[in-house]
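Okay, structure first, notes after.
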Amino acid sequence: MILSGEEIRARLGKEICISPFCEDSLNPNSYNLTLHNELLVYEEVVLDVKEPNRFRRLQIPEEGLILSPGQLYLARTVEYTETRGLVPMIQGRSSLARLGLFVHCDSGFGDVGFCGHWTMELSAVQPIRIYGGIRICQIAYHEVVGVVREYRNGKYQHNCDIQPSLMYKELGYTRQYEQLQLDFDSLASSCQEQADYSYSTAGNSVGRGRPTQTV
Amino acid sequence: MILSGEEIRARLGKEICISPFCEDSLNPNSYNLTLHNELLVYEEVVLDVKEPNRFRRLQIPEEGLILSPGQLYLARTVEYTETRGLVPMIQGRSSLARLGLFVHCDSGFGDVGFCGHWTMELSAVQPIRIYGGIRICQIAYHEVVGVVREYRNGKYQHNCDIQPSLMYKELGYTRQYEQLQLDFDSLASSCQEQADYSYSTAGNSVGRGRPTQTV
Amino acid sequence: MILSGEEIRARLGKEICISPFCEDSLNPNSYNLTLHNELLVYEEVVLDVKEPNRFRRLQIPEEGLILSPGQLYLARTVEYTETRGLVPMIQGRSSLARLGLFVHCDSGFGDVGFCGHWTMELSAVQPIRIYGGIRICQIAYHEVVGVVREYRNGKYQHNCDIQPSLMYKELGYTRQYEQLQLDFDSLASSCQEQADYSYSTAGNSVGRGRPTQTV
């Protein structure tokens, strides 16, 4: 049993929270979610399921960003959602599918009780220019049978940022995660600001490309 | 709640229309749909979500057509379907998935009330030869909860042809859509018919590669 | 209606069989399945929907195996499952999707009544190292409406091995399937064992790369 659009609206503030909510985005049996203008790409030549994999951030500029085939772009929804007593499901929109854009690599079914922004896995069959703020995917809701033990303390609960894979955590990766995170953009801009820039300070200025979230 | 094959048959002529319908194509909980022998490929080097993107048509010949990785092929079902009061869902067939053929880029869930032929987005992991008329995908039906406002005037309602993305319409593209559509095939055949072919007439003979549907 | 994790547990031994079953793998509305360490890749330059396509086996070694983009890897679950009166569905795990790993090319919905190991179609957006025994995908269960005629004698029923596509069977392929299957690994090891190895015996030593399953 999938909830109709009217039923999604009727359950807002109860089992369903979508924030912000916009009436125009309601479909016959789903709700459109929008693309945040920040993306994340891995920096490893070969990704490893057992290791934390380095990544860096990209901004989608006003004039759009061209996605290249063979490259994975992690993205997130602008909307924060909470779902209780229902199975939430993220699915691509037909309008973007018709341009060869995958928005996720799995079936898109989430866990009952998931709260957070949705991380999407964008990959393109052919090169395609996308823009921040477009309606990128849809959320739909399936009813659930039986006693529910909600997703509470999972690896991805309460994500408010794009969240890369944490698979390595369940595979016993225990080393301190001390990867060197180079931030060439801020290095470059620092170079321009400071003529006497010294590389010895580079170690302190690295981050994830977003100053508010240093590691 | 997904409809069983028997239940799909029981609802034919009521909530469900599949035309033509063939008893052999009924599965335990879905119905097989067949591939029309016409495909559509985009002609842009970079697709753009905000623009109408040029395309051309391909026929799948009798001996089959090899799909190349990194290329998107829009296709359609031979069957016309109507679905009322249920959520229709298109999914690939396991036999084609096992050959690395994707038939769509999203989860395949449609809207309650959708009437038309289904546009599919074929993409191949490895080169693969396909044929017109093969059973390419399946349609399944989910029950819906709550008051239903059907998909009526949507962008893709009543599609009887392969329908490329109309995403640009919701992104405020207002210019007259006057792209130059080159039709090299009919140019070539005209050349053969007319020895005194003059390039000055090329502007009038362009089309979508199908004479019955000029723009 | 999707079964909750508790409901999946409650139906074990009735409609649902998952063997082996491990309590830790139960999620709020699905169950995690694990990857067998054997893979299968096709050996054809161009796959053909109408033909049996040659393949060979790969073992995932202890140190993992790097999956290359543009290559399809058929895999299977360690677990054997049986599902009666419910629609089973295989879906990727978010942790692997976030690394750009597709585990199937279709929506993952199976047939009511399917018994066997699940064949998966692994494909990677970027190169990725995977390992045998990881929790690779999830099985979820949808309730079904109407009289059920179960999947009994289907092409893929009772699969206990990785099963390549049998699409050619429904497309009228009738020739005896006598492809030459070269087994370079055992050829090479034979060479090392026997200094007087003669190429004239090669014709007798071919197989599918697994000695216990000669053709």
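The values are calculated or read from the model by the stated rules, or taken from the named source; none is laboratory data. Fair warning: this is a prediction, and the values are worked out from it, not measured in the lab. So basically every Cβ, Gly included, is an ideal-geometry build from the backbone, and we count neighbours across all protein chains shown. Heads up: the accessible areas ignore ligands, DNA and RNA and are worked out on the full protein's heavy atoms, side chains in. Shrake-Rupley method; radii C 1.70, N 1.55, O 1.52, S 1.80 Å.
Remark: label point of B:E62 defined 7 Å out from Cα along the Cα-Cβ vector; separations to the same position in other copies 5.8, 5.8 nm, ascending.
Give me the distance between the Cα centres of the stretch C:20-47 and the stretch B:13-88, rounded to whole Å. Going from one Cα centre to the other spans 29 Å. Excluding ligands, DNA and RNA, the accessible surface per residue across the stretch A:117-157 is 33 Å² with a 1.4 Å probe.
The rotation axis taking chain B to chain C passes closest to this chain B residue's Cβ, listed with the gap in Å: B:M1, 3. Sketch the reach of a paramagnetic label on A:Q157 as a point 7 Å from Cα along Cα-to-Cβ, and name the residues of the stretch A:79-104 whose backbone nitrogen lies under 12 Å away. No residue passes the distance filter. Please work out whether the stretch A:1-99 counts as rounded, prolate or oblate from its C-alpha gyration tensor, where a ≥ b ≥ c are the square roots of the eigenvalues and a/c under 1.5 means rounded, while otherwise a/b larger than b/c means prolate and anything else oblate? Because a/c hits 1.5 or more and a/b exceeds b/c, the stretch A:1-99 counts as prolate. Across the stretch A:97-114, computed HN-Hα scalar couplings (Karplus, 6.51 cos²θ - 1.76 cosθ + 1.60, θ = phi - 60°) run 4, 5, 9, x, 9, 7, 9, 8, 9, 10, 6, x, 6, x, 9, 3, x, 5 Hz from first to last residue, x flagging Gly and Pro. A point 7 Å from Cα along Cα→Cβ stands in for B:D161, and the other copies hold the same point at 4.9, 4.9 nm, listed in rising order. For the segment C:67-74, counting C-beta atoms of other chains within 10 Å of every residue's C-beta and taking the mean gives 5. Over the stretch B:50-105, the fraction of Cα-Cα pairs per 5 Å bin, rounded to whole percents and listed from the shortest bin up, is 4, 11, 17, 25, 19, 15, 8, 2, 0. Over the stretch A:1-42, the fraction of Cα-Cα pairs per 5 Å bin, rounded to whole percents and listed from the shortest bin up, is 5, 19, 28, 19, 9, 9, 7, 3, 0. For C:F102, the accessible area of its heavy atoms, probed at 1.4 Å with every protein chain present, is near 20 square angstrom. Rolled with a 1.4 Å probe across the full set of protein chains, the surface gives A:E6 an accessible area near 50 Å². B:K50 accessible area, nearest 10 Å², 1.4 Å probe? Answer for B:K50: close to 70 Å² accessible. At a threshold of 40 Å², the residues of the stretch A:103-123 that become less accessible to a 1.4 Å probe in the full protein assembly than in their chain on its own are A:C105, A:D106, A:S107, A:F109, A:D111. Expressed as a whole percent, how much of the Cα-Cα distance distribution for the stretch C:68-170 exceeds 16 Å? For the stretch C:68-170, the fraction of Cα-Cα distances above 16 Å is 60 percent.
Sorted shortest first, the distances from the B:V46 label point to those of the same residue in the other copies are 3.2, 3.2 nm; each point sits 7 Å from Cα along Cα-to-Cβ.
Legend: mean number of C-beta atoms from other chains within 10 angstrom of residue C-beta atoms, peptide C:167-174, equals 3.
Ligands, DNA and RNA left out, the 1.4 Å accessible surface of the stretch B:47-93 is 44% carbon and sulfur atoms. Each chain gives up part of its surface: A and C jointly bury about 3600 Å² of accessible area, both sides summed, for a 1.4 Å probe.
Counting Cβ atoms of other protein chains within 10 Å of each residue's Cβ and taking the mean over peptide B:137-145 gives 5.
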